[in-house]
Each structure stands twice: as C-alpha cells, then as structure tokens.
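The values are calculated or read from the model by the stated rules, or taken from the named source; none is laboratory data. All values reported here derive from a predicted model rather than from experimental measurement. Ideal geometry is used to build each Cβ from the backbone, glycine not excepted, and the neighbour counts take in all protein chains shown.
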Amino acid sequence: MLGLQVLASPLDNTPNDPTVPRCFESQEVKQVECADALSKIIYDKDILNKLEKRVSAASGSCLIKIYIQNQAVVTKQQITDTVSKILAACKSGHVHIKDNEGVDVVVSQRLGTQSPYYPDFPLEKPFCFPDSKVSKQDCLEAYNQFPVDGQGQLINPDTKSLAYQFHLRVNSCRINIYTTDGTNVLVKKQDALAIVNNMINTCDSQEGAVIIKGAEGPNGRVTIMTGK
C-alpha cells in the first residue's frame with residue numbers, strides 16, 4: 001500500500017529564521033494555479049475554522065498545505081500574503097507565518113492528480129492500491145462492526161466517542177477512518193455503507209480507499225481506507 005505522501009523534496013536552502021521562506025529548488029509551481037488553489041479554501045468571515053489542524057488545497061500542479069498549532073487564529077489575508085511571500089522568493093517552498101509562528105504554510109509541486117491523498121480527489125470514487133492483498137469479506141465485516149453513537153454516527157471503537165481518526169480490524173483487514181483536517185469524523189455509518197461496500201467490492205482483494213464528506217471542519221474530508 002502507498003505510504004503517506006511525500007510533499008516536498010529536501011530543502012535546498014536553510015535559513016535560521018522560520019519566517020524566511022525555505023525553498024524547494026527542484027520544484028516549480030505556477031502562480032496562477034496557486035491562486036486558484038487559494039480560492040478553494042473555505043473561511044468563516046475570512047478566518048479559518050479554529051478546530052482545523054491541517055488545511056490543504058490544490059489546482060493543477062500547485063499543492064498548498066497549512067499546518068496549524070494550538071487553535072491559532074489564521075486569517076485569509078495571512079494565508080494569501082504568506083503564499084505570495086513564498087512565491088516571490090522561491091519556485092516553491094515553505095515558511096512560518098510572521099507574527100503567527102504556530103502556522104506553517106507549504107507550497108509544493110504535485111505530479112498528477114490521481115491520488116486519494118490530494119484534496120481534490122473525487123468524492124466517493126474508489127481508489128485501489130496495486131500490489132496489495134486483503135480479504136474482501138474481512139473488510140466488509142470490519143466496517144459492519146464499527147460502533148455508532150445515539151445519532152448513528154461512527155465512533156472510536158476504543159473510547160466510544162467521536163474522534164478525528166480510529167480503526168477496527170477483523171482478521172486480515174484493518175479499516176482506518178480519519179479526517180484530512182484533524183477535526184472529528186461526523187459520518188453516519190448507514191449513510192456511508194453503500195459507498196464503502198462499493199469501494200471494497202471494486203478493489204476486491206486489493207487494499208483501497210474512498211473519500212467522502214463528513215469532517216467537522218469545512219475544509220476537511222473523511223478518508224476510509226482498507227489495509228493490513
């Protein structure tokens with residue numbers, strides 16, 4: 001199965017000041033595509049949702065990721081200005097927001113768009129990982145065994161509470177469920193059943209993934225993934 005996506009090549013310049021852009025010299029993005037990616041980020045009165053720990057957006061070859069610590073208040077203007085700052089100094093790169101150093105902004109190049117790890121991968125479309133093997137029946141049963149709360153929403157099997165990530169294993173198959181933005185999963189098990197079963201049946205004995213709506217944060221999505 002594919003591992004976590006590597007977002008950028010090793011840094012080619014390393015200034016000590018984290019508010020000075022660090023460049024990825026081997027990667028080049030197009031400013032017009034980055035502007036389009038920025039336009040896809042959802043704000044509430046020009047402020048990112050304080051529950052979100054990670055926000056990502058993409059267009060063409062431009063991938064923008066924002067990492068937020070300690071529920072920092074992050075404005076649309078800060079994000080826009082910081083991306084412009086990176087692209088004025090670099091082909092691509094990353095930097096901490098000045099006067100808001102708990103926030104890291106990364107602008108990197110992506111190759112292709114057909115990966116469930118990208119923020120614009122189509123919703124509800126099964127993605128199967130090559131060169132992997134699981135039992136389809138074990139995966140179907142694993143999803144069926146996930147507990148729910150009083151509203152029918154999926155919950156962490158260990159804590160019996162809402163969470164941003166959790167998993168459940170049946171024999172050879174482990175199902176991982178998580179949000180892309182670090183907010184709680186708010187998915188009714190029955191509502192996602194047909195989508196998950198379609199992914200498992202489509203991938204058959206291969207590991208797979210499907211992306212659906214249902215993150216607590218406005219920029220997040222929910223990933224449901226089968227694996228060993």
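Key figures
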| read-out | value |
| --- | --- |
| Unique match (being under 15 Å from the mean Cα position of the chain (by Cα) and either surrounded by 15 or more Cβ atoms within 10 Å (Cβ to Cβ) or at pLDDT 95 or above (or both)) among I86, I41 | I41 |
| Hits in region 156-190 (condition: without any contact (Cβ under 8 Å) to a residue 24 or more places away in the chain, more than 20 Å from F121 (Cα to Cα) and surrounded by fewer than 20 Cβ atoms within 10 Å (Cβ to Cβ)) | N156, P157, D158, T159, K160, S161, A163, H167 |
| Flag for Q69 being surrounded by fewer than 18 Cβ atoms within 10 Å (Cβ to Cβ), closer than 30 Å to A194 by Cβ and polar (S, T, N, Q) | no |
| Pairs, first closer than 13 Å to Q77 by Cα in region 33-59, second among the charged types (D, E, K, R), C-beta under 6 Å, six or more apart | Y43/K76; D46/K76 |
| Candidates G150, G220 - the one that is at pLDDT 95 or above, surrounded by fewer than 17 Cβ atoms within 10 Å (Cβ to Cβ) and part of a loop (DSSP other than H, G, I, E, B) | G150 |
| Qualifying residue in region 204-217 (condition: part of a loop (DSSP other than H, G, I, E, B), closer than 30 Å to N70 by Cβ and of a type in the set (S, T, N, Q)) | no |
| Region 179-188 - residue that is touching a Phe, Trp or Tyr at 6+ places or on another chain (Cβ under 6 Å) and not β-branched (V, I, T) and, of those, nearest to P147 (Cα to Cα) | N184 |
| In region 89-106, the residues that are of a type in the set (D, E, K, R) and at pLDDT 95 or above | K91, D104 |
| Selection status of S161, modelled with pLDDT of 95 or more, assigned to a loop (DSSP other than H, G, I, E, B) and more than 19 Å from I211 (Cα to Cα) | yes |
